[in-house]
Amino acid sequence: MGTDGTITTTDGIVALRAEAYRAPAIGDIIRISVSSSGAAVAEGRYAAAGDDWTALPPASGFTAASGYQAPQYRRTGDEVRLRGSFTKGSTLVYGDVFATLPAGARPPADTDILLVCSQGANGATYGACRGIVRAATGAIEYRGPAVSTLVGLPPMTIWTT
């Protein structure tokens, strides 16, 4: 996807992006036509890349929480949806990275997010805690408080633009 409003197909066709095709994504299935001037035009998508939920692997030291929604993400256009829960064998601490989003599913700037975490003795209750998604690396970090061994991504949306 060029910054000049063009896209390049896998077979090398450079096409102008039609106004209606606002959020192209790598992997989109699109329609290419030829304008009256002979230029190739990408009219829009037939199917978006990433429409299926994809596993979000736990970082080292974490596992997917048994009995909870599996950690996953789904990209549609410039929206990335997140869900799922993770556990750590010891108490989470500020800065723990529990998952990493791949390139193409990351926000353009560091993004604060709201997480769900267990609190109290042996996770007797649940509450809100803070997280952040790092733009440069895709790292999803736990930001506190340090009273939890379970952290969850409540269904949420972040954007790539």
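All of the numbers you see were taken from the coordinates with simple rules; none came from a lab. Only a predicted model underlies this, so the values are computations on that prediction, with no experimental measurement involved. Please note: Cβ atoms are built from the backbone with ideal geometry, for glycine as well, and neighbour counts cover all protein chains shown.
Quick notes on this one:
- Mean Cβ count within 10 Å, highest first, over the residues of peptides 99-105, 153-159, 35-41: 99-105, 153-159, 35-41
- Across segment 64-94, the residues whose backbone nitrogen lies under 20 Å from the label position 7 Å along the beta-carbon direction of residue 147 are 86-94.
- Charge tally around residue 134: other residues with Cβ under 9 Å, Lys/Arg +1 each, Asp/Glu -1 each, net -1.
- Scanning residues 5 or more positions from residue 99 or on other chains, those with amide H under 5 Å from its amide H are 59, 140, with H placed 1.01 Å from N in the peptide plane.
- Since only 108, 95, 53 are under comparison, the one whose Cα sits farthest along the positive direction of the charge dipole of segment 1-159, derived from C-beta charges on Lys, Arg, Asp and Glu, is 95.
- In nm, spacing of pseudo-spin labels at residue 159 and residue 43 (7 Å Cα→C-beta vector): 2.8
- Between residue 125 and residue 79, full extension at 0.36 nm per residue minus the direct alpha carbon distance yields a gain of 13.4 nm.
- Test item: Cα-centred dipole of the chain, Lys/Arg +1 and Asp/Glu -1 on Cβ, debye: 360
- Residues whose amide H lies under 5 Å from that of residue 85, counting only those 5 or more places away or on a different chain, are 65, 69, 153; hydrogens are built 1.01 Å from N in the peptide plane.
- Globularity ratio of the chain, using Cα Rg and 2.2 N^0.38 Å: 1.28
- Karplus-derived HN-Hα couplings along segment 27-42 (A = 6.51, B = -1.76, C = 1.60, θ = phi - 60°), whole Hz, x at Gly and Pro: x, 4, 9, 10, 9, 10, 10, 10, 6, 5, 8, x, 7, 6, 10, 8
- Projected area averaged over orientations for segment 29-118, convex hull of C-alpha atoms, nm²: 8.1
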